[in-house]
Amino acid sequence: MSPGWYLRRLSRMGPQEVGGRAGDVLRRRRWRAAPPSAPAVTGARFTAVLPAGALAAVPADAAKRLVAAADRLMDGHAEYFGVERADLAAPDWWLDPKTGRRAPDGYAFDLPYRDEDAVGDIKQIWEPSRHQHLTVLAAAYALTRNERYAERAAEHLRSWWQANPPLRGVHWISGIELGIRLLSWVWVRRLLDGWPGAAGLFEDNPVALEQIWHHQHWLAAFPSRGSSANNHVIAEDAGQFAAACAFDWFPASERWRADALRSLERQLRANTFPSGLNRELATEYHGLVLELGLAAVAEADAAAVPVPGTVRLVLLRMTDALAAVVDERLRPPRQGDADDGHGLVLDGAGTDRWASLLATGEAVFGRLPWWPAVTGTDVRTPLLAALLRPYAQDGTVARPAARPVHLPDAGMTVLRAPAWSDPGESRTGEIWCRCDGGPHGFLSIAAHGHADALSVEVRYEGVDVLADPGTYCYHGQPEWRRYFRSTLGHNTLELAGTDQSVPGGPFLWTRHARTRVLVADTSDPAVARWCAEHDGYQETVHRRRVELTAATRELRVVDQVRGPARVVRLAFHLGPAVSAELSGHRAVLTWTRDGQDRSAVLDLPGQLAWRAHRGESTPPLGWYSAGFGRKEPATTLIGTGTADGEREFISVLGFRG
């Protein structure tokens, strides 16, 4: 990173964080000269096994998907961030298959892991070493008792431990990687219980004991601090706590367990709004934190370790919040950064992550009458539920009596026009509209926030019509990183070619737009209304009103701009399934859903000159990223003109059926 970046990053830290990071630097230097050594361990035993009957509760179709995924792994095939790999029978743990580069050897803290030219794409290297493919193999063994899955998991662990001795190489740099890896190891050992080689792989294996100790010792020494205490610290705490419960074999285990639980309780509260939404306002990190929290509490319950009631309460509220914001297909908003990160993977391809979380929430906390119906099955829910103690419904915790529409602390409002059918069997699907009036992001750097104030996201029958384009990348491609988190990269209004919030680096914002919601009213069943404004353009105020009329199936968006004359660009990003015919100020939108043709008309402000963009690269415009590392062309409609004094731009989206 440039010297300017370090200065900007330093400016977002408080004195305590600066002092802590200075101590980290000194500790890393000491460890280079005198690496810590693990204590000798004798008599270790693993007792955190699954309760009897847990595996029998796994639905047959979920087990079938899992075994299919395990068989693909046995053949050496997997896909990470859009890159297909065929080398996972015996992986090179330091290889980036995207660039063909191998990360260099050396003391971990000396390696320039952000430099793609020197290291490769670090996420491509890190992801297989989270060992979540090994939890899939271990689960396949547990369900089938076919020892080939266990033997392959054991081969990979021994290979990884040999290639990555403590403090050597890129896998010892980032705490979130160590935390998630520890959680995977706990579940690999649990799922391999009953295999004759399980004890020899873990508790009777000096190499495994050394690795587990060093992972926990590292996490105790280098916690994410201050402005970096986001989802990373949750993963660090969850992994540390899980390992200290299940691998309770070291003199420091009790202290590690107590410290991790104390931090986890504090950080879960700090990372979560009282409404239950994650403060990063990045939906996939809401899912990651919820997965990690549930997995940590499962280990506590398995080990009979008391957990503060606030931990379960935060997880309950997170689950209720997720149930509140999903659409009719159980898809949550596409907001903020998303890097496909999971806390615990026990399922095969085709399993719905969000349905799985809601199913686990139903098993542990109990569903509310307004929750959407959860269809589909998974492996993880019955296994977690077998360990987790059901939430005590003592009447002291108030849960929402009706489905929340507006979550004011997070500034998220979801307007809905419900689906209906007439006597002639024709059906009109649900219109789902998310309105963004919340904070820019979490903590001083808002690392995973996007410059998306006042943006809208609209779906019809669960299909993206006005889409949030997603994330695509973090490192190595700065022009794409800038685009996907820019104001122009969202369904909102850009002034003078600048973002509403000021970026200072790929995970750093130096000025945050402040947004306030003025109206969030769904009391009238005929028309739902929302209005908000932000101060990101300083001398100019951007205010947006949104009205959703159920009877006419019409969404009306009114943008007001008050201030000196400036060039304005208004963007509407269409989902990848939607085609558009633009004629003047009207766009006819068409798509297919389950074999049925659907259409809508988008009438655009006549004061602006409109153009359709699709799949452009210089500069990037007209793209949709369904997942990290993947992008595809999609149509973006851009209206350009001038706003001066007080101007009003009206856009109307009408659904035909």
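The values are calculated or read from the model by the stated rules, or taken from the named source; none is laboratory data. Keep in mind that what you see is a predicted model, and the values were worked out from it rather than measured. Cβ: placed from backbone, ideal geometry, glycine included. Neighbour counts: every protein chain shown. Note: areas computed on protein heavy atoms with side chains; ligands, DNA, RNA excluded. Shrake-Rupley method; radii C 1.70, N 1.55, O 1.52, S 1.80 Å.
Observations, loosely collected:
- Region 403-419 and region 113-151: distance between their alpha carbon centers, rounded to Å: 38
- Solvent exposure of the chain as accessible area per residue, Å², 1.4 Å probe: 37
- Surface composition of region 162-302: carbon plus sulfur atoms contribute 49% of the solvent-accessible area (1.4 Å probe, protein chains only, all chains present).
- Degrees between helix 206-221 axis and first principal axis of the chain (Cα, 0 to 90, nearest 10): 50
- A simple spin-label model places the labels of T510 and T42 6.0 nm from each other, with each point 7 Å out along Cα-to-Cβ.
- Phi-based couplings in Hz for region 355-372 (Karplus 6.51, -1.76, 1.60; Gly and Pro marked x): 5, 4, 5, 5, 5, 5, x, 5, 5, 8, 9, x, 7, 8, x, 8, 4, x
- Mean-position separation - Cα centroids, region 25-50 and region 249-320, in angstrom: 24
- Compactness of region 15-110, taken as the C-alpha radius of gyration over 2.2 N^0.38 Å, stands at 1.74.
- Pairwise FRET efficiency - D204 versus R593, Cβ, R0 = 56 Å, nearest 0.05: 0.50
- Among the GluC sites (Glu not before Pro) within region 526-568, those in coil by DSSP and having at most 16 neighbouring Cβ atoms inside 10 Å are E539.
- Subtracting the Cα-Cα distance of E479 and A612 from 0.36 nm times their residue separation leaves 45.8 nm of extension gain.
- Using 0.36 nm per residue and subtracting the Cα-Cα separation, the extra length available between A34 and V519 on full extension is 168.6 nm.
- Taking amide hydrogens as placed 1.01 Å from N in the peptide plane, the amide H of R593 sits under 5 Å from those of R598, each at least 5 positions away in sequence or on another chain.
- From the largest down, the chain spans 77, 62, 50 angstrom on the principal axes of its Cα atoms.
- Rh by Kirkwood over Cα pairs, then Stokes-Einstein D for region 402-489 at 1.567 mPa s and 4 °C, µm²/s: 85
- Tail weight of P(r) past 13 Å, computed on alpha-carbon pairs of region 504-565, percent: 69
- Near T635, the amide H atoms lying under 5 Å from its own belong to L574; only residues 5 or more places off or on other chains count, and H is placed 1.01 Å from N.
- Two-decimal ratio, region 603-657, of alpha-carbon radius of gyration to 2.2 N^0.38 Å: 1.45
- Tensor-based shape of region 78-227 (alpha-carbon gyration tensor, a/c under 1.5 rounded, otherwise prolate or oblate): oblate
- ³J(HN,Hα), Karplus 6.51/-1.76/1.60, whole Hz, each residue of region 89-106, x for Gly, Pro: 5, 9, x, 8, 6, 10, 8, 9, x, 6, 9, x, 8, 10, 5, x, 7, x
- Relative contact order, percent, region 425-563 [alpha-carbon distance under 8 Å, six or more residues apart]: 19
- Sequence-distant residues sharing a close amide H with R511 (under 5 Å, placed H): V502
- Region 336-352-region 160-210 distance, computed between alpha-carbon centres (Å): 21
- Tensor-based shape of region 1-63 (alpha-carbon gyration tensor, a/c under 1.5 rounded, otherwise prolate or oblate): oblate
- For region 14-132, with all protein chains in place and a probe radius of 1.4 Å, 53% of the accessible heavy-atom surface sits on carbon or sulfur.
- Sites L10 and W370, calculated FRET efficiency, Cβ-Cβ separation with R0 45 Å, nearest 0.05: 0.45
- Look at the alpha carbon pairs under 8 Å that are at least 6 residues apart: their mean separation over the length of the chain gives a relative contact order of 11 percent.
- Region 317-461: relative contact order as a whole-number percent, Cα under 8 Å and 6+ apart: 21
- Multiplying the residue separation of D105 and A496 by 0.36 nm and removing their Cα-Cα distance gives an extension gain of 136.1 nm.
- For region 539-645, with all protein chains in place and a probe radius of 1.4 Å, 45% of the accessible heavy-atom surface sits on carbon or sulfur.
- Radius of gyration (Cα atoms) of region 450-576, expressed as a multiple of 2.2 N^0.38 Å: 1.12.
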